[in-house]
Each structure stands twice: as C-alpha cells, then as structure tokens.
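The values are calculated or read from the model by the stated rules, or taken from the named source; none is laboratory data. None of the values given here were measured: they were computed from a predicted structure. Here the Cβ is made from the backbone with ideal geometry for all residues, glycine too, and neighbour counts use every protein chain on show. Side chains are part of the model used for accessible areas, which takes the heavy atoms of the whole protein and leaves out ligands, DNA and RNA. Shrake-Rupley method; radii C 1.70, N 1.55, O 1.52, S 1.80 Å.
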Amino acid sequence: MIIIMRADSGEQQIHAVEAKLKAMGMGAHVSRGIERTVIGAIGDERKIDMEALEVIPGVDNVVRVMKPYKIVSRDSHPENSIVNVKDVPIGGKQIQVIAGPCSVETQPQMDSAAASVAEAGCRLMRGGAFKPRTSPYAFQGTGVQGLEMFRQAADRHHLPIVTELMDVRMLDKFLKNEVDVIQIGTRNMANFDLLKEVGKVHKPVILKRGMSATISEWLMAAEYIAAGGNHNIIFCERGVRSFETYYRNMLDVTAIPVLKRETHLPVIVDPSHAGGKAWMVPALARAAVAAGADGLLVEMHPCPSEAWCDADQALSPQELATLMGELGAIAGALGREV
Ligand code: PEP
Ligand code: MN
C-alpha cells in the first residue's frame, strides 16, 4: 500500500501516518520527493483499513498494491487447479457440460432427463430443488423430496449432481442426500454467511456471478469460501444485468479470459440464464468454449414446453445432443475435448 501525502503536508503529518502504520503492525518506508512525500506501507495490506489512513490530515491518496484476494489468486498458485467431482475433473483438458432441467419436478421427469443427459455424453447433471423465484407465488421447488428424486434418477446413470443451496439451514440435508456440487446462485453471491458455511465443508461449490457484481467482487466472494478451508470452487459466469431488453442477461464473455488470468480455479459458463431463450443457447455455449471456458451449465428438459420453470430457455434432449457434437469440434481445435 502506498500513501501519497499532499504537497502542503508537513513533517508532523508524515509522522502521524508512520505512527498509525506502526499501530496497525505495518512498517513504513518514507520517500521524500521534491514535490511530494510518498510512504510505502510494508506488510500484509489486506488486513488494513484504507479509510483509517485516508482520514489522517495531510494524506492525499492511499493506493493498494496487492490483490485483495489471496487463496483464489493465480499469484498464489500459477498452475490451473482441477476440481474433482467424484471421478469427473473440472478445469483440465476435458470440458464438462453439466446439463439438466431448471427444476426438479417429478420422478419420471428426472428419470427421463438423466437418461438424456447421459446419452448426450454429459458427465454431470443439474437440477434445482430449491428455486429462487422472483415471485413468492411462483413454484418454489420440490425441496428435500426433490433432492431425493434427483439423487435416485442420477444414480442410475452414475451422474454426480449439482443443485442450488439458498438457505444455510438446508446444508445438512444437502450433505445427507450426498449432493456432489453445491451451487450458489446469482442472488446469493454476496450472502457472506452462506459463503462462510460452504467454506467449512469440502464439497465442490459452483459460485455464480452476482447479476451486477464486478469481477473483483466475485473473486472476493470466492475468497470467503476459500478462507474457510474449502478450495474446491468453480466460477460460473451467467450473464449480467444490462440496458438491453432483447435477451435475459448480457453474457460477459470477456470475463472468461480475465478470470482465467486472475485465478487458478476453473471457470464455467451458463448460457441458458444469459440468453433466456433456447435458440440463443448453442451460440453462447460455443462462444464460451471458444473463449476458454472449462465447462458449461446448460438447462435441458425432456419436454421444454412443459417445464415448470424457465421453459423458454430449456434445450430439448435432441438439441443438447447436437450441441455436444458442435462443442466437441470447437474443443478439438483448441487442443481440448468434450
Ligand atoms: C439456476 O441455475 O437455476 C439459477 C437460478 O441460476 P441463476 O442463479 O444464475 O439465476
Ligand atoms: Mn433456471
């Protein structure tokens, strides 16, 4: 951290900054220039409150030099990290497509969906038992019973399951039903108490980007999970709010190479909640893989028009199978595979 003093600041004010840094357990290195004095703070600045320095009379500006995140940063781990979900690696050469319905509805629906997911060549399945709906009057999910239906359907095809956790009080039920990947949805990216709790377990976590979150806020949300000891984190870009009304969210493709540079953890993309329409999903999915995504989270329903939730954006089983073929060709061109 660098503290830049005002041009009219005096020795007394410089000493006040040095004393404050010392009280914070930091060292200080004072450089007296012709016009300005600059003080370099020595030590781990992540624990320092910038405002406590900014308020000292004579201080013009305080600038951080370290990244505020540590464990998730590529600086701390230059190699790509692979998150293993049972025997399925996420973040390696193989691109993983996680497919399934928006929500768990009935046992026959899940049985049929699981068969189609496996048949298309996907190795993981998604499905929400607890749904974060905009309206309290809309279908809220099938809850714990949904987790059981999901587990039963997926087990028949040896598919690990991905499902959203909204309430920390449900974590035990998730563990009891052997949920393989805990999904933290866009609306909970900044629910820090929830992040702390999933940080204490060792289940892989898919952390979706908050709908208006900056990339650094998102990285800091992951750092909350990592700081608790759980480093099995997968970032999921799912589109951000924008001025555009033609589609549901604006897929931030740029975030993919940025995150791959900033963090060693895997990055996947949800083209379904970005586009919001099934016909947009293949193009967005292809773009995500071309841009370096390690996987996709895609909504697929045995009969899209009958889906209880997000019917407009669900691929049919046939559309998923076709998409898998297209992704294979793109992955091959990049030295990867699907
Ligand atoms: C979902 O994946 O079903 C979901 C609700 O996504 P998001 O949190 O991105 O809206
Ligand atoms: Mn959905």
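Solvent-accessible area per residue in the range 2-63 equals 61 Å², computed with a 1.4 angstrom probe and all protein chains kept. A cut-off under 14 angstrom between Cβ atoms defines the neighbours of residue 318, and their net charge, with Lys, Arg +1 and Asp, Glu -1, is -3. Lacking any other cysteine beta-carbon closer than 4.7 Å, the following Cys residues of the chain have no compatible partner: 122, 236, 303.
The C-alpha atoms of the chain define a longest principal axis, and helix 11-23 lies at about 50 degrees to it. Dipole magnitude for the range 83-333: about 360 debye, using +1 per Lys or Arg Cβ and -1 per Asp or Glu Cβ, origin at the Cα centre.
If you restrict to DSSP beta bridges whose two residues both lie in the chain, what percentage is antiparallel, to the nearest 5? Looking only at bridges with both residues in the chain, the antiparallel portion is about 40 percent. Among 137, 69, 247, the largest mean-square fluctuation in a Gaussian network model of the chain, built with springs joining Cα atoms closer than 10 Å, belongs to 137.
When the Gaussian network model of the chain links Cα atoms closer than 10 Å, the mean-square fluctuations of 217, 306, 54 top out at 54. Seen from residue 262, the other residues with C-beta closer than 11 Å to its C-beta sum to a net charge of +3, counting Lys and Arg as +1 and Asp and Glu as -1. For the chain, with the dipole built from +1 on Lys and Arg beta-carbon atoms and -1 on Asp and Glu ones, taken about the Cα centre, which of 323, 285, 17 lies farthest toward the positive end? So the residue we want is 17.
How fast does the range 2-63 diffuse by Stokes-Einstein, in µm²/s, taking the Kirkwood radius from C-alpha pairs at 10 °C and 1.306 mPa s? Using the Kirkwood radius from Cα pairs, D works out to 140 µm²/s.
Derived scalar couplings between HN and Hα for the range 306-318 equal 9, 5, 6, 8, 6, 4, 4, 9, 7, 6, 7, x, 5 Hz in order, rounded to whole Hz, by the Karplus curve 6.51 cos²θ - 1.76 cosθ + 1.60 (θ = phi - 60°), x for Gly and Pro. Please compute the net charge surrounding residue 307, taking Lys and Arg as +1 and Asp and Glu as -1 over other residues with Cβ under 14 Å from its Cβ. For residues surrounding residue 307, the net value is -2. As a fraction of the 1.4 Å probe accessible area of the range 83-333, surface on carbon and sulfur atoms comes out at 54 percent. Between 317, 257, 282, the Gaussian network model of the chain with springs among Cα atoms under 10 angstrom shows the greatest mean-square fluctuation at 257. Based on C-alpha pairs under 8 angstrom that are at least 6 apart in sequence, the range 83-333 has a relative contact order of 20 percent. With all protein chains in place and a 1.4 Å probe, the accessible surface of the range 2-63 carries 52 percent carbon and sulfur. Cβ-Cβ distance of residue 42 and residue 133, R₀ of 51 Å, FRET efficiency by 1/(1 + (r/R0)^6): the value works out to about 0.50.
Under a 5 Å amide H cut-off, with hydrogens placed 1.01 Å from N, residue 180 pairs with 161 among residues at least 5 apart or on other chains.
For the chain, the share of alpha carbon pairs falling in successive 20 Å distance bins from zero is 30, 48, 18, 4 percent.
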